Amino acid sequence: MEEAAARSHAPPFPRPALRAKRPRITCSCCESQGGGGDDGRKPSSRRGRKRPHHLLRPCSSQLPNWGAKRARTPRIITPVRSDLLSAPRRDWSDLDDGPAGLIAERVLAYDVADYLRFRAVCRAWRQCCTEPRSHGGLDRRFHPSRWVLLREPLAVPNRRCFLNSSTGECIQVDLPELLDHELLAVTPEGLLVLLHDHNHVRLLNPLTRHLIKLPPLTTLLPSKDHVLLSYFNIDDFLATGSGIASDDSTVVLCFNRFCMLGTAKPGDDHWMLLKYNHDGFTDTPLMFAGRFYHVNVDGVMALQISPNQPPRAEVAAKLNMRVCPYSEGLHLVNSCGDLMLIHRQILPLTSRNGSCYWYNMYRVNLDTGTLFPVKSLGGGAGRAMFWGMHCSFSVPLEVFPSGSISPDTIYPSFDFTERSLLEVGAYHLVDGRIERPSSLVQRPHTLVDCLSLSNTVEL
């Protein structure tokens, strides 16, 4: 069964009024053989509508309408030239493998979801495209790294919404694996770390549905800790910092609560254990560019994985500030390809932002091994950071309604105590100003609430 969608859907967030619509992709073999794939179903007779694929669905009707409505732009009808009406119809299914394959490669280089839609147009186009599952689940070309899992529950238990953080597009995906698996983490590559029967680790690509089996947890945990699996608590096994190593063949599994790392390759029968120390800091480890990073008193540490050598930790950048363990936090985040460090401080209530929390952001320069303070997240129209206790992501402002998100701003998720106790909904990097949240309840009332909820783990 091919896990793909036949066309792209409009995002739930308003786009600019003058943006051109994406053309409908059809060919003669689709219409003559039933369209959309190999199941022989005929396209819908309703004009301008097509039945969505059973795996990728538009979810604009499931989410609230964020921001004010925009004025409609009058439609301009351009008369069609008579010579175009009399021209012979082009049969796109007759494209040779060369041109169609080149188009498929260009589409795949941008986004795997569009590639799956391209494959679903017709049988001829599918035959000239690479089957995603034939290359293994660790091939980065097929990873949905642009897509963010939205955690608001839907009517169907195994259905989830995914948001494209680059375009604002939103889709629904049916994931039957969630019915009998625990979700431990979402990797930076967009893969889901799952646990079956409190022991068996799986890695799932939610778009291609490629499922990788990894060694069981009993081969990673010491025998004295196996009792934790009998009395399973999801909070103990949040796999923050997990991902794919730079060799594109090794999976890194991180349990930050136990300061424990496991490395394995698909097909291995056990995990290789590595312990690390965060010296009491409330830190968030991170997989960045294929390497595992965390913070301790020595600085920003990186896990070095070399062929035929055991993994080892080395200092990637020195800390240039004084940090008090157990009362301050150091959180590593990825901001559009830049490794950033957020220093979370507790200050007296007399601080000028009216809160006892203060945040400083630093860019980690891996070439010089230093930290550089920043007040801007960059980007053309600006970027904003949605920061979670266990995972974070940044978004460009130009793909969302104007005024709904502020540039150069950190939005803490619902699992930070300062959001619920001190009503810290946003922190502006430029002037240190605190903005109150629109709601303290873990329900999306605005676009900011929805994105803040997506990286909230402890619901």
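What order do you get for R141, R123 when you list them from fewest to most C-beta neighbours inside 10 Å?
On the way: R141 12, R123 15.
Lowest count first: R141, R123.
Within a 10 angstrom radius of the beta carbon, how do S404, S165, S223 rank from fewest other beta carbons to most?
Details: S404 17, S165 20, S223 7.
So the residues, fewest neighbours to most, are S223, S404, S165.
What relative contact order, as a whole-number percentage, does segment 355-459 give when Cα pairs under 8 Å and 6 or more residues apart are counted?
Values: 196 pairs, mean separation 25.7, N = 105.
Worked out over segment 355-459, it gives 24 percent.
Quick check: net charge around P153, other residues with Cβ under 10 Å of its Cβ, Lys/Arg +1 and Asp/Glu -1? Each step should come with its number before you reach the end.
Values: positive: R151, R159, R160; negative: E152.
Spelling it out: positives minus negatives among the neighbours equals +2.
Can you grab the distance from the C-alpha centre of segment 356-405 to the C-alpha centre of segment 203-245, Å, no decimals?
When both Cα centres are located, 30 Å separates them.
Using 29 Å as the Cα-Cα cut-off, could you pick out the over-long pairs in K265/K318; K224/K265; K213/K318?
On the way: K265/K318 31 Å; K224/K265 25 Å; K213/K318 37 Å.
Beyond 29 Å between Cα atoms: K265/K318; K213/K318.
Assign one of three labels to segment 215-305, namely rounded, prolate or oblate, based on the Cα gyration tensor with a ≥ b ≥ c the square roots of its eigenvalues; rounded applies when a/c is under 1.5, prolate when it is not and a/b is larger than b/c, and oblate otherwise. Let's see the in-between values first.
On the way: a/c = 2.03, a/b = 1.15, b/c = 1.76.
It is oblate, given that a/c is not under 1.5 and a/b is not larger than b/c.
To two decimal places, what compactness ratio does segment 125-184 give when its Cα radius of gyration is scaled by 2.2 N^0.38 Å?
Details: Rg = 13.9 Å, N = 60, 2.2 N^0.38 = 10.4 Å.
Scaled against compact globular proteins, the figure is 1.34.
What is the sum of charges, Lys and Arg at +1 and Asp and Glu at -1, for the other residues whose Cβ falls under 10 Å from the Cβ of P412?
Working: positive: R344, R419; negative: D415, E418.
Residues near P412 contribute 0 overall.
I want the local charge near R383. Using Cβ-Cβ distances under 12 Å, sum +1 for each Lys or Arg and -1 for each Asp or Glu among the other residues.
Numbers: positive: none; negative: D338, E398, D408.
Every neighbour counted, the sum reads -3.
We did not get these values from a lab; they are worked out from the coordinates using the rules stated. Note that the coordinates shown come from a computational prediction; the quantities given were computed from them, not determined experimentally. Methodologically, a virtual Cβ is constructed for each residue, glycine included, from the backbone with ideal geometry; neighbour enumeration extends over all protein chains shown.
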